[in-house]
Amino acid sequence: MSPVIIWSIIFVLLMGLAYYLTKLVSRDRPDGNRHDTGLAIMEFGHAFPHEAIRSLHVTADGDAIFVRLHDNKAGFMKSHRNHYSCHLIEPGRVRVSPLTNAKGFSVEFLDSPSQNGVYKFGSEKEAAEVALWLLDNYVSVADRDIEEPVRGA
């Protein structure tokens, strides 16, 4: 056999192996989640090292992750295949609108309009929870510090 034929066979075998491994890696995991939340946590930690993550809520398509932080702060991560763009949601800088489907909502980020969109979750409960703490984040810090009058005498 000539060396060209041998190298061609080796090349075809390597391409077949690469294709097989790519398909093997890209298959859905047993828990049904195709997206690597571990990578998302690491990237958010690099972007905001002084923020502690309380919980993550991944959209149904896995393209976005809403992050609940300590002290009732919120963050957002948008997937760009092999990395995430991360930002903190400042109080009063997000608007949430309901959809006819209770499993999602529309979000308008006033500081990052490129992230605006409709986000749907796996369940109504998860969508409601994320919407509630986004709306809690919507209340400005100054409004939270208003003291309530003392009742009773």
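The values are calculated or read from the model by the stated rules, or taken from the named source; none is laboratory data. Keep in mind that what you see is a predicted model, and the values were worked out from it rather than measured. In this analysis, Cβ positions are derived from the backbone assuming ideal geometry, glycine residues included, and neighbour counts consider all displayed protein chains.
Within segment 129-140, one or more residues are in contact with a His (Cβ under 6 Å, 6 or more places away or on another chain), crowded, with 17+ Cβ neighbours inside 10 Å and at pLDDT 90 or above. Taking the conditions (1) closer than 15 Å to Ile41 by Cβ; (2) touching a residue at least 60 places away in the same chain (Cβ under 8 Å); (3) exposed (fewer than 15 other Cβ atoms within 10 Å of the Cβ) in turn, Asn72 satisfies each one other than (1).
Only residues that are among the charged types (D, E, K, R) and modelled with pLDDT of 90 or more were counted across segment 64-79, and they come to 2.
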